[in-house]
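Rule-based calculations on the coordinates, nothing more; no lab input. Keep in mind the model is a prediction, meaning the values are calculated, not measured. So basically every Cβ, Gly included, is an ideal-geometry build from the backbone, and we count neighbours across all protein chains shown.
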Amino acid sequence: MDEGEFNGRVRKLKITDNIKELQTVLRDKTTSRSDFIFYADRLIRLLVEEGLNQLPYRECSIVTPTGHSYNGLRYQKGNCGVSIMRSGEAMEQGLRDCCRSIRIGKILIQSDEETHKAKVVYAKLPPDISQRKVLLMYPIMSTGNTVAQAIKVLREHKVNEDNVILLNLFCTPQAAKNVIAESPGITILTSEIHPVAPNHFGQKYFGTE
């Protein structure tokens with residue numbers, strides 16, 4: 001899939017040998033759970049760091065301990081995270097490790113047993129989320145249906161799509177197409193776009209296999 005067909009709305013981490021190794025370990029069926037968590041947390045951290053690079057900064061001037069002035073940058077206020085439960089919660093610690101005081105909301109979406117359609121069960125979001133940039137966290141996208149439902153929840157809370165960055169580890173081409181077609185303003189940041197997604201991620205990470 002060509003990222004350009006989405007006008008820059010789908011972005012991938014620059015693939016290095018390090019990142020490819022992390023992806024390989026997470027896809028390997030022989031990987032132990034302890035190793036899986038360790039490598040998943042490493043890849044999540046890299047993804048979160050790149051996600052933070054997408055947020056707006058403002059110029060500032062500070063004074064160093066030696067009395068010198070320094071022109072630097074600070075985040076603009078008004079960022080938050082939202083995890084799509086349960087697998088998205090695996091990414092919360094990585095975000096907190098980088099932004100200690102960031103607000104994090106949660107959305108729970110489950111598939112209806114009869115229709116198999118995704119439906120929203122629970123949502124708890126910062127009251128001023130409409131004024132914030134949102135880092136939406138969901139590690140595996142196979143169809144994009146769950147993420148599409150979560151974005152609808154954000155829209156209902158007056159969140160502008162342009163203010164939403166989806167942090168995603170593994171994404172299928174179809175899922176990316178579905179999400180962008182439904183929400184053309186959103187930005188998807190992923191480590192890999194591949195026809196086969198490692199759907200065992202949540203069960204392996206949380207030990208519910």
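Listed values, structure above:
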quantity	calculated
Kirkwood Rh, Cα atoms: Rg over Rh of segment 11-118	1.10
Arg58 paired with Ser111, simple spin-label distance in nm, labels 7 Å along Cα-to-beta-carbon	4.5
Cα-based Rg and Dmax for the chain, where Dmax is the largest Cα-Cα distance (Å)	17.7, 67
Count of Lys pairs (Cα-Cα under 27 Å; at least 8 positions apart or interchain) in segment 1-136	17
Proximal charge balance of Val120 [Cβ under 14 Å; K/R count +1, D/E count -1]	+4
Inter-label distance, nm, simple model (7 Å from Cα along the C-beta direction), Val120/Ser34	4.1
For the chain, size of Cβ-based charge dipole, Lys and Arg +1, Asp and Glu -1, in debye	540
Segment 63-171: GluC sites (Glu not before Pro) falling in loop per DSSP and having at most 12 other Cβ within 10 Å	Glu113, Glu114
Percent RCO, i.e. relative contact order, over segment 1-139, from Cα pairs under 8 Å lying at least 6 residues apart	19
Neighbour net charge for Glu49 - beta-carbon separation under 14 angstrom, K R +1, D E -1	+2
Length released on extending from Glu21 to Asp128, taking residue separation times 0.36 nm less the Cα-Cα span	34.6 nm
Calculated FRET value between Glu161 and Thr66, using beta carbons and R₀ = 45 Å, to 0.05	0.50
Kyte-Doolittle mean at least 0.0, axial Cα span of 20 Å or more - DSSP H helices of the chain	33-53
Cα→Cβ-extended label distance, 7 Å offset, between Thr143 and Gln76, nm	3.6
Inverse of mean 1/r across different Cα pairs in segment 27-87, Kirkwood, Å	15.3
